[in-house]
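The values are calculated or read from the model by the stated rules, or taken from the named source; none is laboratory data. On a predicted model such as this, the values are computed, not experimentally measured, just so you know. So basically every Cβ, Gly included, is an ideal-geometry build from the backbone, and we count neighbours across all protein chains shown. These accessible areas exclude ligands, DNA and RNA; they are computed on the full protein's heavy atoms, side chains included. Shrake-Rupley method; radii C 1.70, N 1.55, O 1.52, S 1.80 Å.
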Amino acid sequence: MPISNVLYIVLVLSVVVGLIDADECEVCVGFLERLYKSLVSAHSELSHAIVEEGLNQACAQATGKDSRLCYYLGASSDAAARVTGEVTRPLSAHVPPTKICERLQKRDGQICELRYDKPVLDWSREALSKMRVLELKRLLSSWGEECRACLEKGEFIDLVQQVAPKHSPHATRHHHHAHAPEL
């Protein structure tokens with residue numbers, strides 16, 4: 001069998017098997033890696049109870065996509081089902097987060113569909129005006145900001161430019177001082 005056929009078969013098998021990587025399930029893997037690192041640095045031994053407590057604390061402070069993941073795992077106060085054991089038991093046994101997320105994906109595909117929002121790097125009025133109002137609202141919300149008095153897109157842009165420097169290190173470069181509506 002020619003080498004090119006062997007390579008093709010290996011490639012097809014790797015796609016079919018569907019090995020998960022951190023990019024495919026970025027929120028789940030990222031969240032569980034941060035949780036694991038914080039637990040290992042604070043405790044010499046990881047018991048199921050310690051991991052459960054750590055997960056609940058992390059989820060209580062989670063925002064955005066991490067909070068949504070906690071909802072899917074059942075670790076948030078408003079979750080309908082609890083599948084935290086499928087995270088805490090393997091994590092206490094030092095199973096890699098990618099493997100845990102792979103198993104969770106088989107149970108609920110939504111877990112690996114979560115993606116972090118791409119950071120805005122250009123804070124100029126021109127770049128922000130290309131965003132939808134909903135995107136501007138979500139950006140403000142992710143920072144814990146809200147504009148109740150904003151009616152027009154320009155008012156949302158003004159507020160984003162006003163508060164961006166305290167929320168993003170890249171914002172000062174393209175920030176233009178503009179009057180923003182009162183919150």
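Below 29 Å, Cα to Cα, which lysines can residue 106 reach? Residues fewer than 8 away in the same chain don't count.
Correct list for residue 106: 37, 65, 118.
Given a Förster radius of 41 Å and the C-beta distance between residue 103 and residue 146 as r, what FRET efficiency does 1/(1 + (r/R0)^6) yield to the nearest 0.05?
Using R0 = 41 Å, I get an efficiency of 0.65.
Mind giving me the FRET efficiency for residue 57 and residue 132? R0 is 41 Å, r the Cβ-Cβ distance, nearest 0.05 is fine.
So the FRET efficiency works out to roughly 0.75.
Provide the per residue accessible area, probe 1.4 Å, for the stretch 20-91, rounded to a whole number of square angstrom.
Heavy-atom SASA per residue in the stretch 20-91 reads 52 Å².
Report, in whole Å, the centroid distance computed from the Cα atoms of the stretch 129-149 and the stretch 32-62.
32 Å
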